[in-house]
Amino acid sequence: MQPFVHIEKLSKNFYKKTEVFSALKDINFDVAKGEIFGIMGQSGAGKSTLLRCLSSLEKPSSGKIWIGSDEITSLKDHPLRLFRKRVGMIFQHFNLLASRTVYENIAFPLQLSDVPPEEIKKRVDELLYLVGLSHKKDSYPSRLSGGEKQRVGIARALALHPEVLFCDEATSALDPKMTKEILQLLKELNQTLGLTIILITHQMEVIKQICHKVAVIDKGEIVEIGPVSDVFSQPIHPTTKHFLQNSIHELPAEIFKKHGNDKHFLRLYFRGTSAKEPIITQLIKKFDISVNILFGWIDALPDTTIGTLTVELDGTEENRKKALVFLEESGVRYEVIQ
Amino acid sequence: MTPENISLALDLLPPALFDTLYMVVASSFFALLIGLPLGIILHVTAKGQIKENTAVYKSLGMIVNIGRSFPFAILMIALIPVTRLIVGTSLGTTAAIVPLSIAAAPFFARIVEQSLRDVDRAVIEASQMMGATDSQIIVEVLLKEPLPSLVSGFSSMVINLVGYSAMAGLVGGGGLGKVAIQYGYNQFNVFLMISTVVLLILVVECIQWISTKVVLHMQKKRGLISHE
């Protein structure tokens with residue numbers, strides 16, 4: 001199947017007097033229609049620049065971006081405005097107009113496109129119902145909670161039936177409860193409307209809860225990309241590991257410092273069925289070693305289960321080596337903690 | 001305070017007040033007409049804005065600065081030929097409107113520029129993402145979002161014009177300023193002098209009161225301050 005979004009050799013440099021800063025280096029990836037695609041990275045990694053390029057707010061230095069049938073990096077003026085009307089965007093700080101009510105904010109993109117008033121009314125009422133804000137239609141944004149503001153932002157972004165929705169840290173300014181609600185809404189929209197969603201975030205929760213695929217970006221490069229369950233169950237790049245550890249409140253590093261000759265620490269990664277098998281019991285039975293469980297974490301993604309277990313192995317060197325071989329044979333990925 | 005003084009005041013002050021209001025209203029109108037587009041152009045051509053154009057911004061900025069740095073009395077005299085060309089005479093109430101408008105326009109242009117600059121760049125980008133054209137952004141976003149601050153800036157300009165219009169009395173303009181100079185200053189009529197000043201204060205108070213009401217109403221409507 002033809003990918004809906006196709007990005008090829010995208011790069012972006014910023015020039016400051018004589019210095020060149022490359023914010024994006026050779027970015028390539030595809031997003032399928034109906035997919036929720038997450039771009040994750042720390043601040044300054046380049047994810048904002050990437051989303052700004054995808055949404056046409058920033059011109060890339062080189063490379064191509066296809067969205068639907070348009071190659072958007074070459075669009076200007078009228079064709080560019082037409083493209084922008086086919087996509088929706090929501091923002092971290094909502095960017096609503098303070099001079100307009102909820103109703104008028106949602107009507108704004110329709111007015112800009114000269115939609116007849118009776119159709120505007122019909123569509124806005126529909127959208128208000130969709131995001132659950134019919135009772136607030138005459139309120140001004142300053143009277144709304146963050147979650148409500150983002151709902152208005154979503155309704156506004158959907159007004160012109162976009163093919164893709166860009167989310168720029170859409171939940172970063174919200175509390176956990178509102179974040180959950182907004183993510184739930186986005187998921188529903190994806191399922192009911194088949195809406196393709198491309199989002200950037202530094203919150204791993206967001207990726208875990210709604211994304212099908214994730215790209216981890218670091219220093220302007222995509223360092224890891226794939227289905228969320230693959231990337232999070234077998235993280236390779238330090239940035240991804242860092243995110244995982246932050247999100248599960250991993251043990252402080254000092255604990256691992258008391259290394260002896262007869263033990264070492266392991267972090268085991270589980271995924272899907274292997275997360276449910278009694279690996280630890282088998283280790284203890286088969287190899288005469290003791291396994292001291294220090295920390296465990298398991299998480300349900302939309303399509304699978306992933307988890308990690310941090311353990312201390314205690315036993316003879318030979319037995320420990322055998323144990324590691326057994327783990328490998330059982331398909332459990334592990335990492336020795338230094 | 002003698003009876004003669006009072007009857008003189010009753011004869012002179014009402015038409016003078018009317019002349020002052022006429023000058024202020026007319027020149028505010030023309031200053032708005034010139035200053036608003038000037039302010040918009042200044043804003044959109046500034047660095048990082050939607051129609052960034054350094055050459056236009058710098059040259060227009062220079063003209064505005066020159067206009068603002070002229071002392072009003074000098075500007076009035078310098079503009080006599082222009083006033084003659086437009087009004088046919090450089091004397092009288094109507095003639096004063098020309099220099100008053102030209103003095104106030106650059107001031108208002110800067111006020112407009114400042115108000116528009118307060119509109120969050122991200123809100124403009126959000127509008128661009130909805131496919132808004134530049135003119136739609138100017139009308140729907142840049143002018144409507146900071147409306148309260150535009151209104152209070154406009155009233156500052158009107159109040160300035162009340163002061164300027166009194167000064168216009170020095171050089172053949174009409175209104176309360178003329179009464180203050182002719183009767184109050186030249187003929188040492190303290191009563192008339194004080195009366196004109198009090199009237200001018202009342203005019204300024206009125207303008208301020210209306211402006212505050214309008215701005216508060218807009219802010220309340222937007223939920224920016226709570227309803228009592």
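Across peptide A:81-90, what mean number of C-beta atoms from other chains lies inside 10 Å of a residue's C-beta? Taking all residues of A:81-90 together, the mean is 3. Neighbouring Cβ atoms from other chains, within 10 Å of the Cβ of residues in A:98-105, number 4 on average. Of all beta bridges that DSSP places with both ends in the protein assembly as shown, some 70 percent have antiparallel geometry.
Straight-line reach from A:Lys9: taking Cα to Cα under 20 Å and skipping same-chain neighbours fewer than 8 places apart, the lysines in range are A:Lys25, A:Lys47, A:Lys59, A:Lys64, A:Lys213, A:Lys219. Take the Cα of B:Met62, go 7 Å toward its beta carbon, and the backbone nitrogen atoms of the stretch B:94-109 under 19 Å from that spot belong to B:106-107. At q = 0.11, 0.15, 0.19 Å⁻¹, what is the base-10 log of I(q)/I(0) for the stretch B:1-141 according to the Debye formula with one equal point scatterer per Cα and no solvent? Please give it to two decimals. With no solvent term, the Cα-only Debye profile gives -0.57, -0.83, -1.07. Here the calculated FRET efficiency for A:Lys219 and A:Ser74, from their Cβ-Cβ distance with R0 = 41 Å, stands at 0.90, rounded to the nearest 0.05. Using only Cα atoms and rounding to the nearest 10 degrees, what angle (0 to 90) does helix A:102-112 make with the longest principal axis of chain A? Taking Cα atoms only, the helix is inclined about 70 degrees. Among the chymotrypsin sites (Phe, Trp or Tyr not before Pro) found in the stretch B:172-225, those both in a DSSP coil and sparsely packed, with 13 or fewer other Cβ atoms within 10 Å of their Cβ, are B:Phe188. Net charge in the neighbourhood of B:Leu12 (other residues with Cβ under 14 Å of its Cβ; Lys, Arg +1, Asp, Glu -1) is -2. Once the Cα atoms are used to define both axes, helix B:190-221 deviates from the longest principal axis of chain B by about 20 degrees.
Helix A:117-130 and the long axis of chain A differ in direction by around 20°, with both axes built from C-alpha atoms.
Normalising by the residue count of chain B, find the relative contact order in percent from Cα pairs under 8 Å and 6+ residues apart.
Numbers: 261 pairs, mean separation 59.5, N = 228.
So the answer I get is 26 percent.
Considering every alpha-carbon pair of the protein assembly as shown, the percent of pairs per 20 Å bin, from zero through the bin containing the longest distance, is 17, 35, 26, 15, 6, 2, 0. Per residue, the Cα convex hull of the stretch A:5-227 amounts to 131 Å³.
Note on chain B: with a GNM built from Cα contacts shorter than 10 Å, the maximum mean-square fluctuation among B:Phe30, B:Phe108, B:Phe18 falls on B:Phe18.
Bear in mind these aren't lab numbers, they're just calculated from the coordinates by the rules spelled out. From a predicted model like this one, the values you see are computed outputs, not experimental measurements. Backbone-built Cβ (ideal geometry, glycine too); neighbour counts: all protein chains shown.
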